[in-house]
Structure formats: C-alpha cells, structure tokens
Amino acid sequence: MESVSARSKVASWVEAMRLRTLPVSVAGVLAGTGCAVAVRSPRWGAAALCLVFAILAQIASNFANEYFDYKDGLDRPGRVGPRRGVTEGDITPQAMKLAVGLTLGLACCVGLGLVVYGGWWLIGAGAVIAFGALAYSAGPYPLSRHALGEVAVILFFGVIPVSLTYYVQTDHFSADAWLTGVAIGLMGANILIVNNYRDVDDDAAVGKTTLAVRLGRRPTAALYLANGIVALALMWEQWARLPHAAMTVPGAYLALHLFLWSRLMRRQGRSLNPLLGMTAMLMAAYALGFLLFA
C-alpha cells in the first residue's frame, strides 16, 4: 500500500511538470543552435547549458502556474484538462510552493554557467526570464489571466531562448535568429492555444480571461492555423539557403499542422489532450530538422 502511495505521489509530480509541453523549451534551444550551426559557429557546451536551463525554467513556470491557479481558485476538481495535483489534494500547496523556488533556483545556478560564454550581462537576462516564469501566473497582473499568455510564450519560449542560445554560441545577435525566435514562439503559442481552447468553458466559469475565452472557439482555432503558416513564412528564406532536401521539413510540418488543425476543429474537452502533446512534438521535430540540415 505504501509503495502504491509513493508511486502515486511521483506520478502527481510528473504530471505537474507537464512533460508533454516541455518540447517547447527544447525547440527554442534546437532552433537557436541551428542558427549558430548555419554560420559555422556552434558551441555545444553552451547549447547543453541552454537546454538544461530552458527545461528547468519551464518546469518552474508550470509548477508556479499550478500553485497560483490553485491559490486563486482558478482550478476546479474534475476539470477536463490533465489532473492538477494541488487542486485534487495529491500535492500540498506548501510542497508546490517550495518546488517552484527550488526548481527556479536550480535553473539560475545552471544559467550562471553561461556567463563564461556570454558575459556578466546574462545574469540580468536570467533574472528577466525568472521573472517571466512567475509573472505568467502570479503578481498584480498575471499574464495568463489577461489574454496575454500567447504573447508571453512567443517572447519567453521563442524570441528570448532562440536569440540567447544563438548569442552565447556566436557572440552576436542576428536578424535570422530573431525571425527564427518569432517563428518558434508562434509554434509554441499553439500549444497554449490547444490548452486554452480545451479549457475555455472552465476558464470562463472561474473568471480566467484567456485569449480563447475572449475570442471564442472558432477564431481561436483560426489563430492556431495562422500561427503555423506565419511561422513557416518567417523562416522561408533560411530554408531556401539550405540543401533542397531540407525543404521536406517545412513541407512535412505544414501537412501535419493542417492535420492537427482539422482535428482541433472537430474535438472538444478531454479528447483534445493528445493534440497538446502532438503540437509540442511537431514543433520540436521541426526545430530538430532545422538543426540537422543547417
């Protein structure tokens, strides 16, 4: 009985990490490294540190989202989305609050290693990222509750990780890296769009104003479709400079993106949960393809 309880606790913490969304962090680092490889300037040690930092920062943000949504009464037992451990009583609020601090602190420790590659100013950049991880769900104006979640994702999971991953490997910024960051950010925003599209009724009921609540389901689904297409357009010139075989990657992404959009339009509630992970994996596969062909 004790071992079953222990396994249940571990499962609750794993669920709280939201593993199916973590490819969004991986994708930003892969894409930024792909930009560095394209100019023949990769630093694999720096890329590895960026990857660990990005994953830890996202887990901290996920923990914070669960804690603050519970604290403010925005998660309800029996919600249509994945089980929330704190709301369901599987994890104590105090334990989750401690986990936020420990995970964010560990991320910052890893981030200090990047100072060797990019200079002391990166401490300030890390502080901004740590602030963003909390500001998504906490503070006087939580971004996720004021229809700004997608904007936060574009910035903190696209523009910032891609451009900084590129910078610590090349010692400069570039227009290609910025465009890639926006593209990856748009793809990452689609993960949140699936999440909020699924939860639109629950969120509206508790007064959580997401973009899906504000726009409604059909315009939100249209935004999902547009984000993927615009993301491809932003990187089209970069793909055109690569070998012809590389074009199979954006082509495959577009086909699968249209397929997932069609499923989004036909599903509701818990049946949307697999699409969240599929959207994340498609984004990571696209970024990996870019890195391999760069």
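The values are calculated or read from the model by the stated rules, or taken from the named source; none is laboratory data. Being a predicted model, the structure only gives us computed values, none of them experimental. Positions of Cβ are backbone-derived with ideal geometry, glycine not excepted, and every protein chain shown enters the neighbour counts. Surface areas here come from the heavy atoms of the whole protein model, side chains and all, with no ligands, DNA or RNA. Shrake-Rupley method; radii C 1.70, N 1.55, O 1.52, S 1.80 Å.
Could you count how many residues in segment 113-137 are crowded, with 20+ Cβ neighbours inside 10 Å and not in a helix (DSSP H, G or I)?
Summing the residues that are crowded, with 20+ Cβ neighbours inside 10 Å and not in a helix (DSSP H, G or I) in segment 113-137 gives 3.
Name the pairs: first residue in segment 134-160 and over 17 Å from Gln58 (Cβ atoms), second residue part of a loop (DSSP other than H, G, I, E, B) and among the β-branched types (Val, Ile, Thr), Cβ to Cβ under 8 Å, at least 6 apart or on different chains?
If the second residue must be part of a loop (DSSP other than H, G, I, E, B) and among the β-branched types (Val, Ile, Thr), the pairs left are Arg145/Thr210; Ala147/Thr210.
State whether one or more residues within segment 237-246 are in contact with a Leu (Cβ under 7 Å, 6 or more places away or on another chain) and either open to solvent by 30 Å² or more (accessible area, probe 1.4 Å) or among the aliphatic types (A, V, I, L, M) (or both). Steps first, answer last, please.
Within segment 237-246, the first condition is being in contact with a Leu (Cβ under 7 Å, 6 or more places away or on another chain), and the residues that meet it are none.
No, that holds for no residue.
So which of Phe131, Phe157 ends up being out of contact with any strand residue (DSSP E or B) (no Cβ under 7 Å at 6 or more places or on another chain), more than 23 Å from Ala280 (Cβ to Cβ) and aromatic (Phe, Trp, Tyr)?
None of the other options fit; the residue is Phe131.
Any residue that is over 15 Å from Ile193 (Cα atoms), in contact with a Phe, Trp or Tyr (Cβ under 7 Å, 6 or more places away or on another chain), in a helix (DSSP H, G or I) and not charged (D, E, K, R) - is there at least one of those in segment 260-271?
Scanning segment 260-271, I find no residue that is over 15 Å from Ile193 (Cα atoms), in contact with a Phe, Trp or Tyr (Cβ under 7 Å, 6 or more places away or on another chain), in a helix (DSSP H, G or I) and not charged (D, E, K, R), so the answer is no.
Taking the condition modelled with pLDDT of 95 or more and either within 21 Å of Asp69 (Cβ to Cβ) or not polar (S, T, N, Q) (or both), does Gly111 pass?
Numbers: modelled with pLDDT of 95 or more: yes; either within 21 Å of Asp69 (Cβ to Cβ) or not polar (S, T, N, Q) (or both): yes.
In short, yes.
When residues of segment 165-190 are filtered for being open to solvent by 10 Å² or more (accessible area, probe 1.4 Å) and in contact with a helix residue (DSSP H, G or I) (Cβ under 9 Å, 6 or more places away or on another chain), how many remain? Let's see the steps before the verdict.
If we filter segment 165-190 for residues that are open to solvent by 10 Å² or more (accessible area, probe 1.4 Å), which is where we start, we get 167, 170-176, 178-179, 182, 186.
Within this subset, residues satisfying the condition of being in contact with a helix residue (DSSP H, G or I) (Cβ under 9 Å, 6 or more places away or on another chain) are 167, 170-174, 176, 178-179, 182, 186.
Looking only at that region, the number is 11.
Can you say whether Arg18 is open to solvent by 20 Å² or more (accessible area, probe 1.4 Å), closer than 29 Å to Thr210 by Cα and at pLDDT below 95, as far as the supplied structure shows? Before you say what the answer is, go through the steps one by one.
Details: open to solvent by 20 Å² or more (accessible area, probe 1.4 Å): yes; closer than 29 Å to Thr210 by Cα: yes; at pLDDT below 95: yes.
In short, yes.
Condition first: closer than 23 Å to Leu30 by Cα, in contact with a helix residue (DSSP H, G or I) (Cβ under 6 Å, 6 or more places away or on another chain) and either among the polar types (S, T, N, Q) or without any contact (Cβ under 8 Å) to a residue 24 or more places away in the chain (or both). Can you find one or more residues in segment 110-125 that meet it?
yes
Which residue, of Gly289, Gly228, Gly251, is touching a His at 6+ places or on another chain (Cβ under 6 Å), closer than 19 Å to Leu186 by Cβ and at pLDDT 95 or above? Spell out the reasoning first.
On the way: Gly289 fails: touching a His at 6+ places or on another chain (Cβ under 6 Å); Gly251 fails: touching a His at 6+ places or on another chain (Cβ under 6 Å).
Going through Gly289, Gly228, Gly251 in turn, just one is touching a His at 6+ places or on another chain (Cβ under 6 Å), closer than 19 Å to Leu186 by Cβ and at pLDDT 95 or above: Gly228.
Taking into account only those residues within segment 165-180 that are assigned to a loop (DSSP other than H, G, I, E, B) and in contact (Cβ under 8 Å) with a residue 24 or more places away in the chain, which is farthest from Phe290 (Cα to Cα)?
Residue satisfying both the conditions and the ranking: Asp171.
Among the residues of segment 259-284, which ones are surrounded by fewer than 19 Cβ atoms within 10 Å (Cβ to Cβ) and under 14 Å from the mean Cα position of the chain (by Cα)?
Correct list: Gly277, Met278, Met281.
I'd like to check something: does segment 28-39 contain any residue that is under 16 Å from Leu192 (Cβ atoms), at pLDDT below 95 and either out of contact with any Lys or Arg (no Cβ under 6 Å at 6 or more places or on another chain) or of a type in the set (Ser, Thr, Tyr) (or both)?
No, there is no match, as no residue in segment 28-39 is under 16 Å from Leu192 (Cβ atoms), at pLDDT below 95 and either out of contact with any Lys or Arg (no Cβ under 6 Å at 6 or more places or on another chain) or of a type in the set (Ser, Thr, Tyr) (or both).
Among the listed residues Val110, Val162, identify the single one that is outside any loop (DSSP other than H, G, I, E, B), surrounded by 14 or more Cβ atoms within 10 Å (Cβ to Cβ) and under 14 Å from the mean Cα position of the chain (by Cα).
Numbers: Val110 fails: under 14 Å from the mean Cα position of the chain (by Cα).
Residue meeting the stated conditions: Val162.
Restricting attention to segment 191-237, report how many residues are among the β-branched types (Val, Ile, Thr), in contact with a Ser or Thr (Cβ under 8 Å, 6 or more places away or on another chain) and not in a helix (DSSP H, G or I).
Residues of segment 191-237 that are among the β-branched types (Val, Ile, Thr), as a first pass: 191, 193-194, 200, 206, 209-210, 213, 220, 229-230.
With in contact with a Ser or Thr (Cβ under 8 Å, 6 or more places away or on another chain) added as a condition, the list becomes 191, 193-194, 200, 210.
Those left that are additionally not in a helix (DSSP H, G or I): 210.
Of the residues in segment 191-237, 1 are among the β-branched types (Val, Ile, Thr), in contact with a Ser or Thr (Cβ under 8 Å, 6 or more places away or on another chain) and not in a helix (DSSP H, G or I).
Looking only at segment 85-100, which residues are surrounded by 13 or more Cβ atoms within 10 Å (Cβ to Cβ) and either in a helix (DSSP H, G or I) or β-branched (Val, Ile, Thr) (or both)?
We begin by selecting, within segment 85-100, every residue surrounded by 13 or more Cβ atoms within 10 Å (Cβ to Cβ); these are 85-88, 90-91, 93, 95-100.
Answer for segment 85-100, where residues must be surrounded by 13 or more Cβ atoms within 10 Å (Cβ to Cβ) and either in a helix (DSSP H, G or I) or β-branched (Val, Ile, Thr) (or both): Gly85, Val86, Thr87, Glu88, Ile91, Pro93, Ala95, Met96, Lys97, Leu98, Ala99, Val100.
How many residues are more than 20 Å from Cys35 (Cβ to Cβ), in contact (Cβ under 8 Å) with a residue 24 or more places away in the chain and among the small types (Gly, Ala, Ser) if we restrict to segment 229-251?
Summing the residues that are more than 20 Å from Cys35 (Cβ to Cβ), in contact (Cβ under 8 Å) with a residue 24 or more places away in the chain and among the small types (Gly, Ala, Ser) in segment 229-251 gives 0.
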